[in-house]
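Novice: Sharing a structure with you now.
The values are calculated or read from the model by the stated rules, or taken from the named source; none is laboratory data. Keep in mind the model is a prediction, meaning the values are calculated, not measured. All Cβ positions, even for glycine, are placed from backbone atoms using ideal geometry, and neighbour counts span all protein chains on display. Note: areas computed on protein heavy atoms with side chains; ligands, DNA, RNA excluded. Shrake-Rupley method; radii C 1.70, N 1.55, O 1.52, S 1.80 Å.
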Amino acid sequence: MSELSNSEKQAVSNNAASSHTLLEGRLGYHLESALLVRALTHRSFAYENGGLPTNERLEFLGDSVLGLVVTDTLYRTHPDLPEGQLAKLRAAVVNSRALAEVGRGLELGLFIRLGRGEEGTGGRDKASILADTLEAVIGAVYLDQGLDAASELVHRLFDPLIEKSSNLGAGLDWKTSLQELTAAEGLGVPEYLVTETGPDHEKTFTAAARVGGVSYGTGTGRSKKEAEQQAAESAWRGIRTAADERIAAAAGTSAAAVVEVPAGAEAAVAAKAEDGGAPTPADPKPTA
């Protein structure tokens, strides 16, 4: 294998610097160059290039920083939740699938240093690689800029996810929440019909959430689990909206005045009943 000329090496260096500047712009922080390179170095690249240092130690550090910031946020924003519920909320935010989605939002896969094997099998979009690299980047921000900066980054990237997770039911994942809702509405147990398209290394999955033979929502994803979760979310929202509209109508209240707060839906129903309302069982409307 021939070595690169000096001009080629300079071009590679300039491209890497430009790439890092773009990522730093998305992160909102300028990091020490060697530290950022380390954070983006997957073990497959390191092994194929003579055993370079990998991002795994930074990943370990970033995981702890992320967990601390998310836990602190949940503790302060949910003063009445018991420990078990807080732990479930944290798990809904700090998991590989959720981290990968945040990484995709940053287009993090474009910047990861991957080995040829991972590159050829769609490694830039693998949930595990995206999640691990995002944690490594958080660890790098912590080392270079301190806890305040790392905390600000985590809040900027994860607060929308924390809010979304707080709106889920007791199960804190859409499939569990949908099953609880359909049981409460007497609709039966949800089933998922999943189809897949594309080559093995780049499949796209489509799922339909069906209850009693009727489809209430669909979703797509890069894995079967992700597609089912999106389908469950779509179905949950449709059934919950229909239930809220029925409750609002029965209580003599405009449906527009009903604020959708899934985790507190039962309390809202109870409050309406005390005010003289008489909520009746929901009659959800299936989607096509």
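Novice: Which whole-number value in Å² is the accessible area per residue of the range 144-204, probe 1.4 Å? Before the final figure, lay out the partial values.
Specialist: On the way: 3320 Å² over 61 residues.
Spelled out: the 1.4 Å probe surface of the range 144-204, per residue, equals 54 Å².
Novice: Within the accessible area of the range 18-132, what % is carbon and sulfur when the probe is 1.4 Å and the other protein chains stay in place?
Specialist: The computed percentage sits at 55.
Novice: Can you list which of the GluC sites (Glu not before Pro) found in the range 75-149 are DSSP loop residues with at most 16 other C-beta atoms within 10 Å? Present the calculation step by step, with values, prior to reporting the outcome.
Specialist: Working: sites: GLU83, GLU101, GLU107, GLU118, GLU119, GLU135; in loops: GLU107.
Qualifying residues, ordered by number: GLU107.
Novice: What would the Debye formula give as log10 I(q)/I(0) at q = 0.12 Å⁻¹ for the alpha-carbon point model of the range 67-145, no solvent?
Specialist: The calculated log intensity ratios at q = 0.12 Å⁻¹ are -0.43.
Novice: Quick one: pull the percent of accessible area on the range 147-230 belonging to carbon and sulfur, 1.4 Å probe, ligands and nucleic acids left out. List each step's numbers first, then the result.
Specialist: On the way: 2130 of 4260 Å².
That share works out to 50 percent.
Novice: Among the aspartates and glutamates, which have Cα under 16 Å from the Cα of LYS175 when same-chain residues fewer than 8 positions away are ignored?
Specialist: Straight-line reach from LYS175, under 16 Å: GLU185, GLU191, GLU226, GLU228, GLU233.
Novice: A further question follows. Please compute P(r) over all alpha-carbon pairs of the range 34-90, binned at 10 Å starting from zero, and give each bin as a whole-number percent.
Specialist: Spelled out bin by bin, the range 34-90 gives 21, 32, 20, 19, 8, 0 percent.
Novice: What's the local net charge at THR54, with K and R +1, D and E -1, over the other residues with C-beta under 11 Å away?
Specialist: Result for the neighbourhood of THR54: +1.
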